[in-house]
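Inspection log for the structure reproduced underneath, given as structure tokens.
Bear in mind these aren't lab numbers, they're just calculated from the coordinates by the rules spelled out. Remember, it's a predicted structure, so these values are computed and weren't measured experimentally. As a convention, Cβ positions derive from the backbone with ideal geometry for all residues, glycine included, and neighbour counts pool all protein chains shown.
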Amino acid sequence: MEKWFALYLKPKNELIVSMRLKQAGIRTLSPLINQKRFRDFRVVESVEPLFPCYIFACFDPAAHYRLISYTRGVRYIVGRESPVPVSREIIKTIEERMVEGVITVEPERMEKGQEVIFSEGPFAGLRGIFERYTRGYERAVILLEAMGWKLETDTWPIKAGTAGHSKKYA
């Protein structure tokens, strides 16, 4: 009986392994995601695998285990000798969010007064209050309360990690 399984691949082999398995009659799912990255002081958009080094394949392990295990670029089927099936609901959820094989994630929009917790960078672990968006790609002003005074920081990117300009308020 056919079920969905995750395959662990060699790096940057998602597309080629998907094509090889499709040629062998195996259904695959290799979702991509639109990414915005900062390179050379500008925003560059690229399409990358949603799960680097992994794809999903729908097959009957009794009939296709060896074929898939020995496909060039495949390291192993997740679970190895006892492959672990992936829920059809998970596959369906991924497929529903895909448009022409690509998932686009819209950044979360914040409201004035919303609490922010910095997850990385020099302010990691500190809490702040979202004040407003500013000019530029994903930039915002966050008010920090630390050591008895407020600090207004222009964070970039909006993920709250890297500090930009700051103003001190007593």
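Using a cut-off of 11 Å between beta-carbons, work out the net charge of the residues near K10 (Lys and Arg +1, Asp and Glu -1, K10 not included).
+2
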Revision key, fill the gap. Ranked from fewest to most other Cβ atoms within 10 Å of their own Cβ, V102, V74 fall in the order V102, V74
Check your understanding: Dividing the Cα convex hull volume of the range 1-96 by residue count, how many Å³ per residue is that?
Key -> 105 Å³
